[in-house]
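The values are calculated or read from the model by the stated rules, or taken from the named source; none is laboratory data. Keep in mind that this is a model prediction, so the values were computed, not measured. Cβ placement follows ideal geometry from the backbone for every residue including glycine, while neighbour counts extend to all protein chains displayed. Please note that ligands, DNA and RNA were not included when accessible areas were found on the heavy atoms of the full protein model with its side chains. Shrake-Rupley method; radii C 1.70, N 1.55, O 1.52, S 1.80 Å.
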Protein chains: 2
Amino acid sequence: MGKPTVHDIALEAGVSLATVDRVLNGRPGVRQKTQDRVQSAILSLGYVRDLSAANLARQRQYRFVFVLPEGPGQFVASLHSALREAMEVQRADRIDVRILAVPPHDPHQVVRALGTIDPGEVDGIAIMAQETPQVRDAIDRLAAAGLAVVTLVSDLPDSDRDHFVGINNIAAGRTAALLMGRFLAPATGKVLVVTSSLLARDSLERRFGFDAVMAYEFPEVDVLPTLEARDEPGRMAAIVSAALVAHPDIVGIYSVGSGNKALLEALRRIGRPAGLVVIAHELTPHTRAALETGEIAAVITQDVGHLVRSAVRLLRAKCDGLSIIQSQERIRIEVLLRENLP
Amino acid sequence: MGKPTVHDIALEAGVSLATVDRVLNGRPGVRQKTQDRVQSAILSLGYVRDLSAANLARQRQYRFVFVLPEGPGQFVASLHSALREAMEVQRADRIDVRILAVPPHDPHQVVRALGTIDPGEVDGIAIMAQETPQVRDAIDRLAAAGLAVVTLVSDLPDSDRDHFVGINNIAAGRTAALLMGRFLAPATGKVLVVTSSLLARDSLERRFGFDAVMAYEFPEVDVLPTLEARDEPGRMAAIVSAALVAHPDIVGIYSVGSGNKALLEALRRIGRPAGLVVIAHELTPHTRAALETGEIAAVITQDVGHLVRSAVRLLRAKCDGLSIIQSQERIRIEVLLRENLP
DNA sequence: AAGGCTTTGAGGTACGTCAATCAGATCGTG
DNA sequence: CACGATCTGATTGACGTACCTCAAAGCCTT
């Protein structure tokens, strides 16, 4: 016979359909004793409620909001487009996703944007933002109001978010260091580390992991202090060429965050030392092209499509009180070389 | 207002519900003229049929069969367990997956197993098998009978399968070569290639890609002919130690297919040259441990959970005539180092 | 225009669940 | 034991679709 239904439970427990329904949906008006009887019938029959029938009956709509920076960066652009692609498909699944774009590098704007979210109108949010106490408090408020919350790409571990969707950035930095060290060996020299900003938690964690492995595994290589380009045009070229002049023995460059386009352009203009090993993060049109030409040796990245799909699945699972497949939601630290580009 | 329903279409087209239903489900008894009227109403209203309601109404059950080798190998074992994990979740989705295990290395058994599948009882199959004309014909028969068919891990490109679920093995071999060359440089010497069998298409393709990149990019490294261990206990140790004696300048070993456990044990017993670089395929308990100890420098793998989930999604999409998200179904060639182990 | 054919309409039941009502049963308490 | 108060049962109507029947209407052909 097929899967047990509410009718079977009613029969097994010796109660009516209405009572089973009240127990299943946590409505009041059922004695503890009767509840137990129903629960044990559910267990013994192995009943699992048919979510699609339930959603059909109750006309359920999942309303999720993605709070994302709208920057000039290629990475957030690809996040946006992955999300839009996913939205198409999810409409069929009764999932309605809205994007709330906020100016980057401005936590105050993020807090304001979160304030505009009416907890009665929204079931869950995914947020990518820098870590500040104000942002954390705004998130906690929404979580307290019953929203499902996941952090995206860059975590806010001290907040009340339900999940973090993204890679372990310390491990990502360690992976970058391992590749850098092995690609360089047995050559020695200095490694330059550049990024647009060290304010974001993900950049910090990558740098931390990178330094740890470089110091322990490749002590003969000298890692220079991080230079920040702060998304200012021209600044990346200036700091990179200054560093190359100051340290003629630079053999590697590790690009921690965004700003790959500027870095690549700067290297093209000022010329690169022979055998220079460049390792960068995030697959974008620029890093892809540079992998193909050999300007970048390896890119460490996370699949943006996977990110958004995982975030949506987690939000949905939270709303329905469902369990998740751990392995499906673990975002992989992908190592991309010229030969395994997707 | 919400999404349009069949009622709205009937109204818009000026026909009855029954007629809309006949058109939607391709039942006979509707004049071409009326069909067109209904179709244009569907288009103008942007109607999309609610699959979950439809499946509920028709009591649909997707019945899929996975035809997998049951070998001693860790990789197929992990495939089995990933599949069993996925089955739990998919039961809630009206998806019923059965595993049909066949003895490995015996195409005849595969054909026999496929013959036991009643096309009336099954909606789709996923199959992992060696490429022979008989297997191909058996697959074509099932496809002709209307089953959805995907090949898993190792493709049968000349068959009528709908999709291949797995990595591009040529690219995987190229990736292995690029890593091997860069990890070795500037050292030169010989690279040993071992596998359990070159009969499977995936092994062949990997070897092909590996050779291409080694010859073109690292001509100073000498790649030895492939040695096959054929899953015979003891044979791996014998051929590896013989090779190491015959070629004292072996600097790298590329393990194309299964047999990693035997390879690692052999190396432990007979001792390994200093600086030896070992690159292997597929993450298993053995390769994971060896990555952690440093015995293996890199593992190239594919996520088995992703494999089975993708296969199920593709089979379902085929059954429903739905479109798919290309990027979600592309299995990534994962490069695993000690630091980015999942 | 009568015959036979195809096409269409109207209506019903079902799928598994949610949600609501109202009447009846049971309970604890004084 | 009678009183509200609290539980429970029986029933009904959604939700959007599938599938079936029966009768009515339309269309040809002769």
Total accessible area lost when B and A pair, probe 1.4 Å, Å² to nearest 100: 3600 Å²
Convex hull volume per residue for segment A:90-194, taking Cα atoms only, in Å³: 141 Å³
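Between beta-carbons, use under 14 Å as the cut-off and find the net charge around residue A:135, counting Lys and Arg +1, Asp and Glu -1. Don't skip to the answer; put the middle values down first.
Values: positive: A:112, A:136, A:141, A:161, A:201; negative: A:106, A:131, A:137, A:140, A:155, A:158, A:160.
Net local charge, residue A:135 excluded: -2.
Heavy atoms only, probe 1.4 angstrom, no DNA, RNA or ligands counted: give me A:180, A:128 ranked by accessible area, highest first. Please report the intermediate quantities before stating the final value.
Numbers: A:180 0, A:128 30 Å².
Most to least solvent-accessible, the answer reads A:128, A:180.
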Reduced Cα scattering model of segment B:25-155, Debye log10 I(q)/I(0), q = 0.16 Å⁻¹: -0.88
Extension gain (nm, one decimal) between residue B:141 and residue B:21, 0.36 nm per residue minus Cα-Cα: 40.0 nm
Shielded by partner chains, segment A:314-336 residues - at least 40 Å² of accessible area, 1.4 Å probe, vs chain alone: A:325, A:328, A:332, A:335
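Give me the Å³ per residue figure for the convex hull around the C-alpha atoms of segment A:169-301.
Numbers: hull volume 12.0 nm³, N = 133.
Hull volume over Cα atoms, normalised by residue count, gives 90 Å³.
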Chain B, Cα convex hull volume normalised per residue, Å³: 169 Å³
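How many Å² of accessible area per residue for chain A, probe 1.4 Å? Mind dumping the intermediate values first?
On the way: 15360 Å² over 342 residues.
In whole numbers, chain A has 45 Å² accessible per residue.
For the protein assembly as shown, with only Lys/Arg (+1) and Asp/Glu (-1) charged at the beta-carbon, what is the dipole magnitude about the Cα centre, in debye rounded to 20?
Details: 76 positive and 80 negative charges, 296 e Å.
That gives a dipole near 1420 debye.
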Farthest toward positive dipole pole in segment A:213-342 [+1 Lys/Arg, -1 Asp/Glu at C-beta], among A:286, A:304, A:223: A:304
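Which values, in whole Å and largest first, are the semi-axes of the equivalent ellipsoid of the protein assembly as shown obtained as the square root of 5 times each eigenvalue of the Cα gyration tensor? Don't skip to the end; give the middle numbers.
Working: eigenvalues 428, 258, 114 Å².
Square roots of five times the eigenvalues give 46, 36, 24 Å.
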Note, ³J(HN,Hα) from phi for segment B:279-290, Karplus 6.51, -1.76, 1.60, rounded to Hz, x at Gly and Pro: 10, 9, 10, 6, 7, 9, x, 6, 5, 4, 4, 5
Cβ-placed point charges (K, R +1; D, E -1), dipole of chain B about Cα centre in debye, nearest 20: 760 debye
Alpha-carbon centroid distance for the pair segment B:199-266 / segment A:1-48, whole angstrom: 60 Å
Cα radius of gyration and Dmax for segment A:30-107 (Å): 20.6, 61
Amide H contacts under 5 Å for residue B:148, placed H, 5+ residues apart: B:124, B:125
Beta bridges by DSSP in the protein assembly as shown, antiparallel share as percent, to the nearest 5: 10 percent
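Normalised radius of gyration for segment A:140-201, please: alpha carbon Rg relative to 2.2 N^0.38 Å, two decimal places.
Values: Rg = 17.4 Å, N = 62, 2.2 N^0.38 = 10.6 Å.
Against the empirical 2.2 N^0.38 Å value, I get 1.65 for segment A:140-201.
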Using θ = phi - 60° and Karplus 6.51 cos²θ - 1.76 cosθ + 1.60, couplings along segment A:151-157 (whole Hz; Gly, Pro as x): 9, 10, 6, 10, 7, 10, x
Of the GluC sites (Glu not before Pro) in segment A:210-276, those whose Cβ has at most 16 other Cβ within 10 Å and which sit in DSSP loop: A:220
Over segment A:275-342: Kirkwood hydrodynamic radius from C-alpha pairwise inverse distances, Å: 13.6 Å
Simple Cβ-charge dipole of segment A:188-342, Lys/Arg +1 and Asp/Glu -1, about Cα centre, in debye nearest 20: 440 debye
Nearest-first distances (nm) between copies at residue B:285, label 7 Å from Cα via Cβ: 4.8
Farthest positive-ward along segment A:1-126 dipole, Cα basis, beta-carbon charges - from A:5, A:97, A:122: A:5
Of A:276, A:83, A:17, the one that fluctuates the most in a GNM where chain A has Cα springs shorter than 10 Å: A:17
HN-Hα J in Hz across segment A:18-35 - Karplus 6.51, -1.76, 1.60, θ = phi - 60°, x for Gly and Pro: 4, 5, 4, 4, 4, 5, 4, 9, x, 7, x, x, 9, 5, 4, 4, 5, 3
Cα gyration tensor, segment A:3-44 - rounded (a/c under 1.5), prolate or oblate: prolate
Inter-part distance where segment A:291-342 and segment B:128-146 are each reduced to a Cα centre, Å: 33 Å
Residues of segment A:88-137 buried by at least 20 Å² on assembly (accessible area, 1.4 Å probe, chain alone as reference): A:89, A:91, A:94
Inter-copy separations for residue B:48, label at 7 Å along Cα-Cβ, nm, ascending: 2.5
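Could you please state how large a percent of the accessible area of the protein assembly as shown is carbon and sulfur, counting protein chains only and using a 1.4 Å probe?
On the way: 16270 of 30730 Å².
For the protein assembly as shown, the apolar C and S fraction of the accessible surface comes to 53 percent.
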For chain A, the longest site-free run once trypsin sites (Lys or Arg not before Pro) in DSSP loop states with at most 16 other Cβ atoms within 10 Å are removed: A:61-229
Cβ-based charge dipole, the protein assembly as shown, positive-most Cα from B:264, B:204, A:142: A:142
Taking segment A:54-199 and dividing mean pair separation by its residue count, relative contact order in percent (alpha carbons under 8 Å, at least six apart): 19 percent
Distances in nm from residue A:96 to the matching label points in the other copies, shortest first (labels 7 Å along Cα to Cβ): 3.7
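What relative contact order, as a whole-number percentage, does chain B give when Cα pairs under 8 Å and 6 or more residues apart are counted? Intermediate results must be reported in sequence, preceding the final value.
Working: 549 pairs, mean separation 48.2, N = 342.
Result for chain B is 14 percent.
Could you calculate the FRET efficiency of residue A:56 with residue B:61 from 1/(1 + (r/R0)^6), where r is the beta carbon distance between them and R0 is 22 Å, rounded to 0.05? Each step should come with its number before you reach the end.
Details: r = 18 Å, r/R0 = 0.80.
So the FRET efficiency works out to roughly 0.80.
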